[in-house]
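Working notes, structure below.
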Amino acid sequence: MPLSSVPAAILAHMMAIENVPPPPLRSLPSLKMSRHIDYGQLNALCQTRGLQYNQSYCSILSSHNFFIKQYPKIFPQQKIRLPKLFKQEVNRKPTEGTEESQAQQPAEDSHNVAVYIKKARGGHTLYGPKKSEENFVEFLAILKKLPVHRTPSEHNTVWRTLRTIPNLTSQLSDEHLKILSKNIISETWVKGSTVIANDGFYIILKGLARPQTRVYKSLVEENESKASFIAQNYHSFVFDEDFKNSLLAGLRIPSCDSMLGQWSTFGTLEVIAQTESIAKYAVVMEEDCEILRIPAKDCTKLKLEEKKLENKQKVKLIRQCPYYEEWPTLSIYELVGLIKWKKFPPGHVIVESGSIISFVAYINSGYCNVYRSIVGLVKLQSKRAKKVRKLVYMGQLKEEASFGEISVLLQLPFTCTIVTGKEVEMAIIEDKDIFELDPVTKQLMLQTAQPTFGHLTDEDVKNEYLQEEKQKEWENFKDKTIKESLYYGGIIPGFGKWSHQWTSIPRNLKDTLISY
């Protein structure tokens, strides 16, 4: 068809198509080499001679066998990493014989499984020397610092170490020891110097010492002397995990019992009178020693402060009791010196009805239930009744209440039974101490105190007993009626579709029970 007959629009479209440039060439994606194939080995294997068809049969067979043997090498095998084995160093000690006859001596902890477990895991033994020495040096460095320059962690370190010394823990409470540990520092004593240990309690951290006297008394034992001297070697007490290694580092046991080595203690925690001889408190340094001293004055001051706080608490407790609100302070302080603290578990019978109590009690915490006994009738199956003595709940003795004054002073039996409702802490004064009070204080106690629940008459107890019995009968009747009504409607609670595990009672059921 001639171009003159083609419409102009079609010609313009054809020319526009011819002017469109061709699309750009796209590059092929790069092939990723597999990690599981060794391409170097594969290339060398493909170039093996003898695999062409124009070769002889023998050469082709040998080349084929070679190819089959080398083929697995193109797949690299992953190396299996075995766990690292730690080399155990065995320290061998020579015996009394020649050098050739050396034998390894058995360890002291040969039956301790923890030692072998720690060795198998590649760690040091429980008593490794390196860590122990470092911890012990660190402990000495802490004691060299002034207490104000120590961190809370360092104070805690000193306290934990002192807790492992039995001669201290047997005389001081854990709280007192923690307070004293924040104000102590170590002292350096040169060889030949003499320490007079009548002003504190001393602990040898490093070196050897020798007491001048051989008469020693333990602070734990009771004796007539107010001050005691203790000089003991103690090397087998147990430390906490952080310090049980360090405290035994470099330990040298003295050759005789009179020598004082590392962690030995001597001195006293009580203030000594100036008239007492100081010769028995003298200790001579056989070497340059590092000694830790706990001043006896600080310990005495701490105990006095605790005693003052305790007396304040006792005075406050007695003042808050209703019978002692009008007492003079002098009489109250006379009672404070006789008070002892005592705790009773829940359900403990403190005194029974008809018996005389052996102490006067002031309730500091908790409460006690008060019961009165009465003779009641119990129905038997044979339509008979028998008399039984029962306890009737009459009330409670709560905090800041006292009882027992009248029974102790007048030796009258209690008219009620007192049982602890939960754990109760009381301040008690024994009857023998009450009898030793001056007549004025005893007369004052008789005038202000009253018998426990003495206002209740026998008629009040009977009425309370009847109310309890009526309430029990009503509860039994109500439960029986509800069960019969449910059973009549085919409802058996706890069986079939009526078995429910409710964490709380539904509101509609709760309203139903209340309406009953």
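The values are calculated or read from the model by the stated rules, or taken from the named source; none is laboratory data. Note that the structure is predicted; figures quoted are calculated from it, not measured. Counting neighbours? That spans all protein chains shown, and the Cβs are built from the backbone with ideal geometry, glycine included. These area figures cover heavy atoms from the full protein model, side chains too; ligands, DNA and RNA do not enter into them. Shrake-Rupley method; radii C 1.70, N 1.55, O 1.52, S 1.80 Å.
What does the C-alpha gyration tensor say about the overall shape of segment 416-465? Classify as rounded when a/c is under 1.5, otherwise prolate if a/b is larger than b/c, or oblate.
oblate
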Around Ile294 (Cβ within 14 Å, Cβ-to-Cβ, excluding Ile294; K/R +1, D/E -1) the net charge comes to +3
Using θ = phi - 60° and the Karplus relation 6.51 cos²θ - 1.76 cosθ + 1.60, list the HN-Hα couplings for segment 159-169 in order, rounded to whole Hz, with x at every Gly or Pro. 5, 5, 5, 5, 5, 8, 9, x, 5, 8, 5
I need the shape label for segment 292-348. Rule: rounded when a/c is under 1.5, else prolate if a/b > b/c, else oblate, with a, b, c from the alpha carbon gyration tensor. oblate
Take every Cα pair under 8 Å in segment 131-196 that's 6+ residues apart, average their separations, divide by the length, and report that relative contact order as a whole percent. 38 percent
Report, to the nearest whole %, how much of the accessible area of segment 302-361 belongs to carbon and sulfur atoms, 1.4 Å probe, protein only. 55 percent
Average accessible surface area per residue within segment 440-488, 1.4 Å rolling probe, Å²: 79 Å²
